[in-house]
Each structure stands twice: as C-alpha cells, then as structure tokens.
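**Student:** If you scroll down you'll find the structure; I have some questions about it.
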Amino acid sequence: SPADVTIGLTHACAPSIPATPKPADIRAAAQYMFAMPENPFGSDLRQGDLHSSGWWMDPVYLGRYPRSTRSVWKSWMPDIQPGDLDLIAQKLDFIGLNIYHSRLVRAGKRGPEIVPWPTGHPHTLMNWPVTPQALYWGPRFFVERYGRKPLYIFESGMSLSDLPSSDGRVHDPQRIAYHAAY
C-alpha cells in the first residue's frame with residue numbers, strides 16, 4: 001500500500017573535507033560543498049562545479065536554489081514559474097548518497113579554497129583521491145543542512161586494475177583495504 005512506500009533521493013556527491021579542524025575550515029568546507037563555485041578544473045565554460053550538492057538537493061529539501069547557482073549558472077537556470085518549487089520540494093523519507101571521493105577545502109581570503117592533496121596521496125585508477133573522511137563529512141554536512149532524516153550510503157568504491165592471482169581468483173586486497181578505511 002502507499003503507506004508502506006519509502007521515497008527518497010540519491011545524490012552522487014564529492015563531499016568537502018576541512019583541511020584542518022579549525023572552525024573556519026569546517027565552515028568553508030560546508031559552504032563549498034553546497035555552493036556553486038566556478039569550475040575548479042579551469043574550464044573555459046562557466047559551467048560551475050557539477051558536484052555542488054546545493055544545486056541538486058536544495059530545491060528538493062529547501063524549496064529553493066542556492067544563490068550561488070543563480071549567479072554562476074544564470075544562463076542555464078530553468079524558468080521557474082510560481083508553484084514550481086512547491087512541487088519540487090516534496091517531503092521525502094530519506095537522503096541517499098553515493099560517495100567515492102572528496103575535496104580538501106580551507107578558508108581562504110576570498111572564500112573557500114581547494115587544497116591540493118599532498119604528493120603521494122593515494123588515488124584510484126580514475127585518479128580520484130582515496131578519502132575515507134568523506135563518509136564522515138558528507139553525511140554530517142547533509143544532516144546539518146537538511147535536518148535529521150535517515151541517510152543511506154548507496155554507492156562507494158574504487159576503480160583499480162584487478163588481476164587474477166595464480167590460483168585464478170581476484171583476492172582484491174586494495175579494494176578490501178579501501179572499504180575497511182571508509
């Protein structure tokens with residue numbers, strides 16, 4: 001019956017991790033995660049960072065787009081009609097997250113700044129940093145922004161070259177270590 005149905009939305013995000021435990025860096029990481037900064041990868045297109053959790057989740061859970069999305073993506077914003085956001089912002093039962101990696105963020109003079117991972121920091125075959133802290137900071141920032149509701153991690157993992165051992169099996173020690181750390 002409809003009363004037994006549980007409905008939620010799952011978002012593939014790249015949470016921000018504060019570069020230090022300083023309150024300013026924690027605030028900067030949360031701000032960056034939900035803001036729409038210009039593409040940090042240097043694209044000539046002003047397309048913004050597609051991993052902005054605010055772009056995807058604020059309309060659903062808060063009934064509005066983040067102010068930063070309206071300025072960075074102005075030419076791509078949908079034509080919001082009266083009542084549109086009321087339809088979009090329906091009560092959902094849970095938040096789902098897919099978390100594979102994250103960014104390191106600190107408070108800078110002009111706002112949040114991405115901090116490069118140190119040389120030698122482990123990365124997956126897709127060149128995504130291995131960041132177990134993402135499974136703490138991502139859910140924390142989501143709960144702080146959208147309130148306490150059940151939160152599920154639906155996807156996480158890593159890409160790597162799997163090779164069978166001499167016994168014909170893939171023992172997968174890197175992936176096992178990855179999941180143990182996460």
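**Student:** Given the options SER156, SER166, name the one that is out of contact with any Ser or Thr (no Cβ under 6 Å at 6 or more places or on another chain) and open to solvent by 70 Å² or more (accessible area, probe 1.4 Å).
**Tutor:** Of the residues listed, the single one that is out of contact with any Ser or Thr (no Cβ under 6 Å at 6 or more places or on another chain) and open to solvent by 70 Å² or more (accessible area, probe 1.4 Å) is SER166.
**Student:** Looking only at the range 78-124, which residues are open to solvent by less than 40 Å² (accessible area, probe 1.4 Å), aliphatic (A, V, I, L, M) and assigned to a strand (DSSP E or B)?
**Tutor:** ILE95, LEU97, ILE99, LEU104, VAL105, VAL115
**Student:** Right, next: Only one residue in ARG67, ARG145, ARG103 is without any contact (Cβ under 8 Å) to a residue 40 or more places away in the chain and of a type in the set (D, E, K, R), so which one is that?
**Tutor:** Of ARG67, ARG145, ARG103, the one residue that is without any contact (Cβ under 8 Å) to a residue 40 or more places away in the chain and of a type in the set (D, E, K, R) is ARG67.
**Student:** Got a number for residues in the range 38-65 being open to solvent by less than 70 Å² (accessible area, probe 1.4 Å), at pLDDT 85 or above and not small (Gly, Ala, Ser)?
**Tutor:** 8
**Student:** Could you tell me which numbered condition GLU144 fails, if it satisfies all but one of (1) assigned to a strand (DSSP E or B); (2) in contact with a helix residue (DSSP H, G or I) (Cβ under 8 Å, 6 or more places away or on another chain); (3) loosely packed, with under 14 Cβ neighbours inside 10 Å?
**Tutor:** (1)
**Student:** Farther than 24 Å from LEU9 by Cβ and open to solvent by less than 60 Å² (accessible area, probe 1.4 Å): does that describe ALA134?
**Tutor:** Criteria not met by ALA134.
**Student:** Right, next: Output the residue which, of all residues in the range 1-37 that are hydroxyl-bearing (Ser, Thr, Tyr) and not in a strand (DSSP E or B), is surrounded by the most Cβ atoms within 10 Å (Cβ to Cβ).
**Tutor:** TYR32
**Student:** Something else now. State yes or no: is ILE153 under 13 Å from the mean Cα position of the chain (by Cα) and of a type in the set (A, V, I, L, M)?
**Tutor:** yes
**Student:** Just to check your reading of the model, which residue among PRO164, PRO139, PRO150, PRO112 is touching a strand residue (DSSP E or B) at 6+ places or on another chain (Cβ under 9 Å) and over 19 Å from ALA14 (Cβ atoms)?
**Tutor:** Among PRO164, PRO139, PRO150, PRO112, only PRO150 is touching a strand residue (DSSP E or B) at 6+ places or on another chain (Cβ under 9 Å) and over 19 Å from ALA14 (Cβ atoms).
**Student:** A further question on this structure: Just to be sure I understand the filter: pairs with C-beta atoms under 7 Å, separated by 6 or more residues or on different chains, first member in the range 160-182 and over 21 Å from HIS121 (Cβ atoms), second member hydroxyl-bearing (Ser, Thr, Tyr) and open to solvent by less than 90 Å² (accessible area, probe 1.4 Å). Which pairs pass?
**Tutor:** HIS171/SER165
**Student:** May I pose another question? Filter the range 66-77 down to the residues that are in a helix (DSSP H, G or I) and either open to solvent by 60 Å² or more (accessible area, probe 1.4 Å) or hydrophobic (A, V, I, L, M, F, W, C) (or both) and list them by number.
**Tutor:** ARG67, ARG70, SER71, VAL72, LYS74, SER75, TRP76
The values are calculated or read from the model by the stated rules, or taken from the named source; none is laboratory data. Just so you know, these numbers come straight off a predicted model, no measurement behind them. We place every Cβ from the backbone using ideal geometry, glycine too, and count neighbours over all the protein chains shown. These area figures cover heavy atoms from the full protein model, side chains too; ligands, DNA and RNA do not enter into them. Shrake-Rupley method; radii C 1.70, N 1.55, O 1.52, S 1.80 Å.
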